[in-house]
Each structure stands twice: as C-alpha cells, then as structure tokens.
Amino acid sequence: MLRLGIRNQLDLLLHLPVRYQDRTHIIPIGQLSPGDECYVSGEIVKVNVGYGRRRSLVITLDDGGAFLSMRLFHFSPHQRESLRAGVWLRLFGEARLNRSGLEMVHPEYRVFSSEPGPIEPELKPVYRVTAGISNSRIAGWIQQVLAQPPDLHSYKTMGFTLEDALQVIHLPPIDQPDLVETARKRLAFDELLAYYLVMKRRQEDVSSMPARALPPVRQLGKELLNELGFRLTRAQRKTTTDVLNDLAKTRATMRLIQGDVGSGKTVVAAFAAIRAAENGTQTAIMAPTEILAEQHYETFSSWLSPLGIRVGLLTGRLAAAERRSKLNAIAEGDDLVIIGTHAIFQRDVVFQDLGLTIVDEQHRFGVHQRMSLRNKGRLPHQLVMTATPIPRTLSMTLYADMELSVIDEMPPGRAPIITSIHANERRDEVVEGIGHEVAAGHQAFWICAAIEESADSEIKAAETVYRELKEKLPHVTVGLIHGRMKAFQKSATMSQFKSGEIGLLVSTTVVEVGVDVPNATQMVIDDPDRLGLAQLHQLRGRIGRGHVPSHCTLLYEAPLTELAKSRLNVMRETNDGFLIAEKDLELRGPGDIMGTRQTGERQFRVSDLSTDISLFKDVVQTGDKMREADLETAEAIIKAWTPPETSYASV
C-alpha cells in the first residue's frame with residue numbers, strides 16, 4: 001500500500017478513481033466498436049478450443065443480431081463444462097478486433113440458464129493499483145472506510161463537506177453524473193487550500209527566523225549603475241529597490257522575480273550580489289545549463305570585477321586540479337560571487353559565508369536541490385528568477401511562500417520580433433531567405449525538437465538539418481549544438497557563434513534560456529507544434545536583442561490539428577509572455593508553467609491547474625480568513641492533504 005502512497009484510512013479515501021466504467025446499460029453487439037468497454041449479453045452458439053501460439057477457449061455469442069467472441073487463455077474443466085451452447089452470458093470488458101471479428105479477452109462474465117433480465121446499473125470506479133492489490137480489493141476497502149469514516153474536518157464549501165465529496169466520488173450516483181465533477185472540484189479546492197496554507201506557514205516560519213542583515217555599506221551599486229551604459233527601466237528600478245530593502249532586514253528574504261524574456265532580471269541579481277559582497281558575504285548563483293552559467297559568469301565578471309568583487313565559475317566539466325582550486329577559493333572566501341550549475345550544491349562545495357542564493361530559471365530545479373543550496377549557509381537570503389511568466393492567479397497560490405516582483409516592461413530600443421507560420425512545402429524558400437540574411441551580416445538560429453532521426457518519428461532532427469543546411473547554403477558557416485555534445489564542444493560552438501564565426505546555428509532546445517547574441521535576427525523552428533507555447537516563447541527570445549527588426553519562422557509539417565493551429569496563432573499574434581502563459585494554460589495545461597517535474601516538486605493528486613484555475617481566487621481568500629480566524633480547521637486541512645514526511649523547510 002505504501003507504493004500507492006496509502007498509509008492510513010484518510011489516504012485510502014483520498015486514493016481517487018482514475019476513471020469510471022459505465023455499467024448502466026447493455027450495448028447491442030452490432031453497435032460495438034473496437035475499444036468500447038461495456039456490457040453485452042448473448043446466447044452461446046459455439047464453443048471451440050483454439051490451438052494457436054497459446055491454447056484458448058473461444059465462446060461465440062449471438063444476441064439475435066450480431067456475433068461476438070469471448071476468449072479465455074486460462075480456464076478450468078468446470079468453466080469449459082458450464083460454458084456450453086444454449087447458455088446465456090452477460091459480459092463486461094473491452095471489445096477488440098481480431099482476424100475473425102470482435103472479441104473480448106477474459107472479460108468479467110456471469111452465466112444464466114435463460115435470457116437475463118435488466119442489469120443493476122452502476123458507475124464503477126477504477127483505481128490505480130499495484131502488484132498484488134486488485135481494483136476490487138481497493139474498492140472494497142474504501143467502501144468499508146466510507147461506512148465508518150475517520151474524523152474529517154466539517155468545513156463546507158461548494159455545497160459539500162469533505163466527507164460528502166468523497167461519498168460522491170467513490171459511490172457516484174447514476175442519475176446525477178455531473179455531481180461527480182462538482183465533488184472533484186470540491187476536493188481540488190481542499191487540496192489547493194491545503195497547499196496555500198502550507199506555503200503561507202513556510203513564509204511565516206522563515207520570517208520568524210533571524211538572518212544576517214545586508215545593509216548598504218560602500219554604495220558599490222551606484223558605481224555599477226553609472227558604468228552600465230544603459231538606464232534601468234521603471235520595473236527594474238522598483239524590483240531592485242524591493243530586493244535591496246529585503247536584504248537589509250534581519251529576516252530571510254524569499255522573493256520570486258518574474259520577468260519576460262529579455263526584461264533584464266540579470267542586472268537586478270547583480271545589484272543583489274553587490275550588496276552581499278559589500279557585507280563580506282558570498283552569493284551563489286545557480287543556472288540550469290552550463291551555457292547559461294558561462295554567460296552569467298562573463299556578464300557578472302564584466303560588471304563586478306571592476307568593483308573589486310571576484311567572481312568564480314563552478315561547473316561539472318572542470319578538471320580535478322582546477323576544481324580543487326575553485327573549491328579552495330570558495331572555502332577561503334576569495335570568490336565572493338560563485339556561479340555554477342548543479343555542481344554548486346554538491347557536498348564538497350563549502351562556502352566561507354554564504355549570505356545570498358540566486359536560482360535562475362527556478363522551475364528547472366527540484367525543491368530538494370534548492371534546499372541543499374540554501375542549507376550551505378546560515379539561512380541565507382534567497383531570490384528565484386523565472387522568465388516563464390506565470391499568471392497572477394497561479395503565482396499567488398503556487399508561490400505563496402514568497403514575495404513577488406514582476407518586471408513587466410522591456411528595455412527601450414529592443415527590436416520587434418515578427419512571427420510567421422509556414423508549411424514545410426515552403427522550406428526551400430525559408431532556407432534561401434536565411435542565407436540572404438546571413439550574407440547581409442546577420443546571424444540566425446535553426447531550432448529542432450530532436451537530436452537525431454528516429455524510425456518511429458517524423459520530427460526533423462538537428463543532425464539531419466545541419467547536414468541539409470550545409471549542403472544548401474555552402475557560403476554560410478553552419479554550426480551544430482545539442483545536449484549530447486560534450487560541455488567543451490558546446491562552449492566552443494557558442495563562443496564561435498557569439499563572435500560571428502558561425503553565421504547559422506542549428507540547435508535543439510538547449511539554447512532555450514540565457515543565450516544572448518544581439519546580432520542574431522532570424523530564427524526558424526522546425527515542428528513547433530511539438531513544443532509548448534512557453535518554450536516557443538523562450539526560444540524566440542534568443543533573437544530581437546539588438547536594434548535590427550527580427551523574424552521568427554514556425555515551420556510545420558501539414559496537416560495540423562485545430563488545437564495546434566490555435567497554439568501557433570498565439571505565437572503569431574503576440575510577443576507578450578504573460579498573455580502567452582495564460583493561453584498556454586488554457587490550451588495545453590500547466591506543464592510549461594509549472595516547469596519540468598523535478599524530484600521533490602509538488603504534484604497535485606486531484607487538482608488540474610488547467611481546469612481549476614477558477615478556484616484560485618477563492619482559495620486565497622478562504623485561506624487568509626482561516627489563518628486569521630480558524631487555525632484549527634486550517635491545520636486539519638493541512639493534515640488531511642499533506643503526507644507525514646513532507647518537509648516544511650523553506651525552499
């Protein structure tokens with residue numbers, strides 16, 4: 001049962017059906033289609049033992065209009081004797097198509113001496129099971145507990161208590177099928193409410209813990225401001241002020257910084273790192289890829305080194321001697337800003353005095369990874385940044401344990417990005433256009449969804465496209481980068497692209513985040529319907545970083561589904577990441593917003609963020625009221641939905 005996450009009676013009740021079998025009526029055999037799961041009834045007209053690759057008992061049924069076979073691979077002499085011509089059967093199972101017609105393999109069945117009467121209609125729950133535990137056993141246990149349920153909180157909303165909703169979910173009424181979805185919504189509300197309450201409790205716990213205050217000391221931030229060469233936007237100034245005010249307090253900062261692609265989150269992080277360095281404490285900046293870590297290293301070094309702040313880079317590809325040297329510089333406090341990938345939170349990385357952690361593209365890391373980084377200091381302040389815009393209704397709940405800053409404007413002078421959508425029939429025309437652009441002195445990306453060709457997939461692969469473009473554009477220097485290349489190969493290729501030695505870079509989505517090449521004005525994305533909207537928006541953000549108008553071409557293989565057309569049209573109609581995030585949630589679900597599900601990330605048992613977003617506003621209001629006036633119920637809700645081993649440590 002532990003493999004199913006069931007530890008007690010309440011867990012059992014919250015082990016919800018994954019679907020329901022419709023056992024409310026008999027379907028005539030003549031109306032069956034392959035894949036139908038239903039009741040049928042008929043008279044046995046023929047019984048055979050087949051001797052193919054496996055011996056089987058084949059019973060042919062006739063309901064007066066059509067024939068259906070029931071096949072049993074495992075049968076006893078008693079079954080063979082009872083299943084004879086003239087007997088009636090009622091079956092429940094899935095109809096499959098074989099060479100001789102439709103059949104059901106090992107269905108549930110009952111034997112009748114004559115034509116059976118009406119069935120007892122029911123919607124039968126189907127549960128997730130594990131080895132040695134059948135669906136009927138789980139259903140039986142649940143019904144026993146429902147007969148004498150454990151103490152459940154009596155909080156009522158949407159017309160249901162928790163017990164009411166569980167009764168409907170596990171014993172669905174035949175005459176009110178819509179009531180099941182209402183009950184599910186009620187449970188989803190409870191689950192989201194529990195999550196929100198846990199997040200707010202985390203925030204309170206952190207707020208009560210003392211942390212080292214990082215007040216202004218040497219005003220080095222003003223020196224950077226004067227040397228940047230550009231003016232901060234209003235949103236950047238406000239976010240920077242909020243962050244620096246947080247750092248000056250004696251409680252730990254936990255702030256989420258949202259900003260669209262290219263909105264300038266990195267410079268805000270730089271001002272925070274300077275503040276920590278002024279106070280003699282270290283900053284750890286964690287990036288999801290080596291490409292992004294190296295780019296951050298170059299950027300932070302150019303900004304901070306002139307201020308006397310030493311910046312270090314720690315990635316997984318360092319040689320042993322170089323790694324020892326880097327670790328020593330971190331442990332001795334020589335490096336005040338340390339930038340790295342996953343390597344930065346490994347056990348042998350010891351900081352002298354870690355005062356601030358900054359996690360870039362936060363959804364790429366699991367909760368436990370972020371915790372392990374935070375635990376390397378004495379409750380350091382923490383900033384997390386994301387370029388994946390999150391609708392406000394979601395962020396208020398999903399990140400309720402953090403303060404929220406939104407950089408909602410772009411730096412002036414950014415070139416507009418025009419997006420067009422073309423079928424693959426125009427591929428040669430698109431290739432020719434890219435060739436002209438590169439010949440004119442610009443650079444381009446060509447993005448593929450796969451690295452190499454697969455026999456069972458028609459997705460265009462980066463390696464194949466690389467060879468194609470080298471052949472079709474002999475005058476263009478074409479580069480290739482993908483996730484299976486060694487780190488030094490990726491780094492060298494990116495350096496060549498940044499310097500202009502490579503005019504056209506063929507890549508997988510490994511360049512999705514952080515790559516900044518202002519001279520890149522063109523992007524082609526093959527098979528864009530295979531990628532999420534948020535991911536497409538991230539990729540598109542690699543161009544349009546200079547002053548020259550840029551163009552993104554989405555090159556699809558016809559035909560497209562209506563849903564795919566709707567999603568790609570969103571990309572053509574807007575460059576607004578927050579609007580795209582809303583549409584992505586509406587059309588595709590929460591995957592891209594929640595990010596890659598890493599170990600330790602919260603996964604909801606009942607809630608579906610794409611359909612339950614309407615609940616979030618009431619969840620926040622209800623949760624805030626409970627925290628003020630009904631802590632007992634709040635604790636009961638948390639206890640009901642939170643596994644015992646859940647860590648409430650701040651992450």
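The values are calculated or read from the model by the stated rules, or taken from the named source; none is laboratory data. Keep in mind the model is a prediction, meaning the values are calculated, not measured. Here the Cβ positions follow ideal geometry from the backbone for every residue, glycine too, while neighbour counts run over all protein chains shown. Accessible surface is based on the protein model in full, side chains and every heavy atom, while ligands, DNA and RNA are left aside. Shrake-Rupley method; radii C 1.70, N 1.55, O 1.52, S 1.80 Å.
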Selection from region 467-510 of residues over 25 Å from G441 (Cβ atoms) and touching a Leu at 6+ places or on another chain (Cβ under 8 Å) yields T509
Selection over region 582-608 where residues are open to solvent by less than 50 Å² (accessible area, probe 1.4 Å), of a type in the set (D, E, K, R) and at pLDDT 55 or above yields a count of 1
Original post:
Any residue at all in region 425-434 that is open to solvent by 10 Å² or more (accessible area, probe 1.4 Å), over 29 Å from the mean Cα position of the chain (by Cα), of a type in the set (K, R) and at pLDDT 90 or above?
Top reply: yes
Reported set for region 171-201 where residues are assigned to a helix (DSSP H, G or I), open to solvent by 10 Å² or more (accessible area, probe 1.4 Å) and more than 13 Å from T397 (Cα to Cα) is D178, L179, V180, E181, T182, R184, K185
Just one listed residue, out of D401, D408, is in contact (Cβ under 8 Å) with a residue 60 or more places away in the chain, surrounded by 20 or more Cβ atoms within 10 Å (Cβ to Cβ) and over 17 Å from the mean Cα position of the chain (by Cα), and it is D401
When (1) open to solvent by 40 Å² or more (accessible area, probe 1.4 Å); (2) in contact with a helix residue (DSSP H, G or I) (Cβ under 8 Å, 6 or more places away or on another chain) are applied to L72, the one that fails is (1)
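Out of everything in region 1-39 that is outside any helix (DSSP H, G or I) and of a type in the set (D, E), what residue ends up being farthest from E81 (Cα to Cα)? Steps first, please.
As a first pass, look at region 1-39 and keep what is outside any helix (DSSP H, G or I): 1, 5-8, 14-28, 32-39.
Then drop every residue that is not of a type in the set (D, E), which leaves 22, 36-37.
Numbers: D22: 31, D36: 29, E37: 27 Å.
So the residue we want is D22.
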Considering region 615-649, residues that are open to solvent by less than 20 Å² (accessible area, probe 1.4 Å) and over 22 Å from L10 (Cβ atoms), and then whichever is modelled with the lowest pLDDT, we arrive at F616
Within region 567-581, the residues that are modelled with pLDDT under 90, part of a helix (DSSP H, G or I) and surrounded by fewer than 21 Cβ atoms within 10 Å (Cβ to Cβ) are F578, L579
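Here are some residues: E108, E94, E81, E120. Which one is open to solvent by 70 Å² or more (accessible area, probe 1.4 Å) and touching a Phe, Trp or Tyr at 6+ places or on another chain (Cβ under 9 Å)? Spell out the reasoning first.
Details: E94 fails: touching a Phe, Trp or Tyr at 6+ places or on another chain (Cβ under 9 Å); E81 fails: touching a Phe, Trp or Tyr at 6+ places or on another chain (Cβ under 9 Å); E120 fails: touching a Phe, Trp or Tyr at 6+ places or on another chain (Cβ under 9 Å).
Sole residue among the options that is open to solvent by 70 Å² or more (accessible area, probe 1.4 Å) and touching a Phe, Trp or Tyr at 6+ places or on another chain (Cβ under 9 Å): E108.
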Of the conditions (1) in a loop (DSSP other than H, G, I, E, B); (2) under 24 Å from the mean Cα position of the chain (by Cα); (3) of a type outside the set (D, E), the single one that H475 does not satisfy is (2)
Note on R545: of the conditions (1) open to solvent by 80 Å² or more (accessible area, probe 1.4 Å); (2) assigned to a loop (DSSP other than H, G, I, E, B), unmet is (1)
The residue that is farthest from W88 (Cα to Cα), considering only those in region 34-49 that are in contact with a Ser or Thr (Cβ under 8 Å, 6 or more places away or on another chain) and among the β-branched types (V, I, T), is V49
Reported set for region 435-467 where residues are in contact (Cβ under 8 Å) with a residue 24 or more places away in the chain, open to solvent by less than 50 Å² (accessible area, probe 1.4 Å) and assigned to a helix (DSSP H, G or I) is G435, V438, A462, V465
Here the qualifying pairs (Cβ atoms under 7 Å; residues six or more apart or on different chains; first in region 213-229 and β-branched (V, I, T); second surrounded by 14 or more Cβ atoms within 10 Å (Cβ to Cβ)) come out as V217/E278; V217/N279
Counted residues in region 123-146 being within 13 Å of L10 (Cα to Cα) and open to solvent by less than 40 Å² (accessible area, probe 1.4 Å) come to 3
Restricted to region 9-48 and to residues being free of Cβ contacts under 8 Å to residues at least 24 places away in the same chain and surrounded by fewer than 16 Cβ atoms within 10 Å (Cβ to Cβ), the residue farthest from D164 (Cα to Cα) is N48
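Residue-by-condition table, conditions (1) open to solvent by less than 10 Å² (accessible area, probe 1.4 Å); (2) of a type outside the set (G, A, S); (3) closer than 29 Å to Q496 by Cα; (4) modelled with pLDDT of 95 or more:
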{"position": "L244", "(1), (2), (3), (4)": "no, yes, no, yes"}
{"position": "R251", "(1), (2), (3), (4)": "no, yes, no, no"}
{"position": "V261", "(1), (2), (3), (4)": "no, yes, yes, no"}
{"position": "A273", "(1), (2), (3), (4)": "yes, no, no, yes"}
{"position": "A277", "(1), (2), (3), (4)": "no, no, no, yes"}
{"position": "E290", "(1), (2), (3), (4)": "no, yes, yes, no"}
{"position": "Q295", "(1), (2), (3), (4)": "no, yes, yes, no"}
{"position": "T299", "(1), (2), (3), (4)": "no, yes, yes, no"}
{"position": "I309", "(1), (2), (3), (4)": "yes, yes, yes, yes"}
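Say we look at region 147-161 and pick out the residues that are outside any loop (DSSP other than H, G, I, E, B) and under 34 Å from the mean Cα position of the chain (by Cα); which of these is surrounded by the fewest Cβ atoms within 10 Å (Cβ to Cβ)? Working first, answer last.
Initially, region 147-161 is screened for residues outside any loop (DSSP other than H, G, I, E, B), giving 147, 156-157, 160-161.
Subsequent filtering for residues that are under 34 Å from the mean Cα position of the chain (by Cα) retains 156-157, 160-161.
Values: K156: 13, T157: 16, F160: 21, T161: 16.
Filtering first and then ranking leaves K156.
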